[in-house]
Amino acid sequence: MDLLKNVKIRLLEKEDLEAIVEIDEKVLGENRRSHWERKLELMNDKASQVSLVAELEGKVVGFILGDVSGWEFGVPDIIAWIGTISVDSV
């Protein structure tokens, strides 16, 4: 578990596109660059979007895209939804 001490969590930035595409391609076996370009563009237009990356030794090794919203589906409080979560093998 010493490895976890070195993981840094920070807000996802547009500059993380290459790392996200690379991780996604490893997981799914296909390059979906245009999909992620659109996702990141939409993310910037949406104030409720909460997206993070995990870095290990300066390299992005995982990411999560989520959204915070008010009442939905009978839940009376503010809730968060996970849209995508992906982790590279370390």
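The values are calculated or read from the model by the stated rules, or taken from the named source; none is laboratory data. Not measured: the values here are computed from a predicted model. Heads up, the Cβs are rebuilt from the backbone with ideal geometry, glycines too, and the neighbour counts pull from every protein chain shown.
General remarks:
- Within the stretch 22-36, residues that are more than 14 Å from THR84 (Cβ to Cβ) have Cβ atoms under 7 Å from residues that are among the acidic types (Asp, Glu) in these pairs: LYS26/ASP88; ASN31/GLU25, counting only partners at least 6 apart in sequence or on another chain.
- Hits in the stretch 59-86 (condition: under 9 Å from the mean Cα position of the chain (by Cα), surrounded by 15 or more Cβ atoms within 10 Å (Cβ to Cβ) and modelled with pLDDT of 90 or more): GLY62, PHE63, ILE64, LEU65, SER86
- Which listed residue is of a type outside the set (Phe, Trp, Tyr), modelled with pLDDT under 95, buried (at least 17 other Cβ atoms within 10 Å of the Cβ) and over 15 Å from VAL87 (Cβ atoms), from LYS39, LYS5, LYS14, LYS46: LYS39
- Whenever a residue of the stretch 2-14 is closer than 9 Å to LEU56 by Cβ, its partners that are assigned to a strand (DSSP E or B) and of a type in the set (A, V, I, L, M, F, W, C), lying with C-beta atoms within less than 8 angstrom and at least six residues away or across chains, give the pairs LEU3/LEU56; ASN6/LEU56; VAL7/ALA54; VAL7/LEU56; VAL7/VAL61; LYS8/ALA54; LYS8/LEU56.
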